[in-house]
1. Per Stokes-Einstein, at 37 °C and 0.692 mPa s, what whole-number D in µm² s⁻¹ belongs to the chain, with the Kirkwood radius over Cα pairs as the hydrodynamic radius?
2. What is the calculated FRET efficiency for LEU110 to ASP312, with r their C-beta to C-beta distance and R₀ = 41 Å, to the nearest 0.05?
3. Quick check: pseudo-label points 7 Å beyond the Cα along Cα→Cβ at GLU348 and ALA430, how many nm apart are they?
4. Could you list, bin by bin from short to long, the percent of Cα-Cα pairs of segment 356-482 in 10 Å steps?
5. Once every DSSP H run of n ≥ 4 in the chain is given -39500 (n - 2.57) and the sum is divided by its residues, what mean residue ellipticity at 222 nm do you get, rounded to the nearest 500 deg cm²/dmol?
6. Give me the net charge for the shell around THR188: Cβ to Cβ below 12 angstrom, other residues only, Lys and Arg +1, Asp and Glu -1.
7. Which part of segment 314-353 falls in the paramagnetic zone of ASP385, meaning amide N under 19 Å from the point 7 Å along Cα-to-beta-carbon?
8. Label MET455 and ASP402 with points 7 Å out from Cα along Cα→Cβ: what is the distance between them in nm?
Amino acid sequence: MTDTYRIPIIARGRIIEPGEDAVEYKGRGGATFLTPDPHKHIHDLVLGNPVLLGDLQQTPIRDIIDFLAEAGKRLRFEDNPYLQESFALALRAGGLAEPILRGVYDDLPLMFDPVSMFAQIDGTIGADYLDGWVPSPAGPHCRVRAVGTRQLHITAGNVPVVAALTIVRGALTKSDVLIKSPSNDPLTANAIMRTMLELDASHPVCKHVAVAYWKGGDEYMDSQIVRTTRIDKITAWGGMSSVKHIQKFLTPGIDLTALNPKFSVSVIGKEALESDAAMDEAARGIATISGFYNQTACVNSRLVYVECKTDDASLDRLAELGRKVVAEYQNLPPILSTPADKPNKDLEAEMEAVALEDDFYTVEGDTVNGGVVISRFPDRVDFYDQLNNRVVNIVPVADLLDVVKWCDDTTQTVGVYPESLRDRLLDPFALAGVQRLVSLKGHNAMDIYKSIHTMPPGMPHDGIEPLRRNVRWVIDHRPIEETALSIAAE
């Protein structure tokens, strides 16, 4: 296994290998990266003249999708040495266990499915708006077109699908995309683009993608790139520190989409405690939504609110639900979830501390195999934002509508069991800031996972529509009489 990975810059159809000016970065997991000095290649990374996007604008969206689909066929892990290299590095530098990461890579070609890609773009922006000027309902004197933009994407590496998603969305919006790769997944976007370059380096999609790694917080790089003469839109994934850092360089004319970390929860009705069968199903749903991807994704629940009284008999049933959740963690298929490779010492210390307060908390499990902290009163633990390693806090509440006070714009997904709760909670939760409600119903963890994970193409992401937001909507407004004469002449 190599300790030093060579990471070239992908610069609009060209590959710039690390040479004499190469710089070395220390990565996570003990690996080091050798890459061309990004300070010396800023002009290779940005598109100074937006008119140069004309070649991509003139390429029909169907041709772009055909190219992406052909590239997708070449993203089979078994056949693609670039992906195999990025997998090896992501395994060392990222937080996913091998069977989970392998499943993520195996699914990459699905993201390039032509039917799904067309549905994404036609259901959001509308393919006609990307390929030409569309008359308004009021008449042909006023037409609208969706125009591609110059985008900087500061991507996250917790799940490598972000790299593929960014490349696909950039191409579908006919935009020029600069991807800043993350330190915990510095090669996946690079690998996908090298695959595309082998297919056709002269294709307009390839001419408008640049990929590079530079250290987060590099003020020189960011001050040179984030300028209105070079960037129109920024999409920033990752931690709050990353988002706050890039905000320092914003000026009017640059639009920021902040896909910052989210905090997801589940709500469980009293029905789950009324029979063993219901409790088994609820426990399986909680373990699945909390445990898949080893609780590294924003969609994973970390708090579970259960409609339950706080008398001893009711709390005993709640503790039984908690024990079943821990048992269900052990039943999750390895492609979804595995025990942690090491304990989370800080969280372990918090769990040991509250376990001594047995009037207030019951603790089951640990930070290797997964666990629960059961509150014996209606409030979450102080360390709820540290919950990880498949550990959740189960909180009894008299009325699930009380959970609204803990929800805001950072609450991405709410798991619901049973389904009969949904209509009562939907509107209050939506108004409070929740972005998605999903079902925990099911007798098989894979089925529950697929139900949570599979949405129709083009659905909003974290409460916004990224595709629509990343184009510029331009109006061609002409005098009515001139338009009539033009039509008559035709």
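1. On the way: Rh = 24.3 Å.
Taking Rh from Cα pairs, D becomes 135 µm²/s.
2. Values: r = 49 Å, r/R0 = 1.21.
Step by step, r from the Cβ atoms, then E = 0.25.
3. Each label point lies 7 Å from its Cα, and together they span 4.5 nm.
4. That works out to 10, 28, 33, 15, 6, 4, 3, 1, 0, in percent per bin.
5. On the way: 18 runs with 180 residues, N = 490.
That calculation yields -11000 deg cm²/dmol at 222 nm.
6. Details: positive: ARG194; negative: GLU85, ASP185.
Here the count lands on -1.
7. What the label zone holds, given the 19 Å backbone N cut-off, is 345-351.
8. That separation, rounded to one decimal, is 3.0 nm.
The values are calculated or read from the model by the stated rules, or taken from the named source; none is laboratory data. Since we're looking at a predicted model, the values are computed, not measured. We place every Cβ from the backbone using ideal geometry, glycine too, and count neighbours over all the protein chains shown. These accessible areas exclude ligands, DNA and RNA; they are computed on the full protein's heavy atoms, side chains included. Shrake-Rupley method; radii C 1.70, N 1.55, O 1.52, S 1.80 Å.
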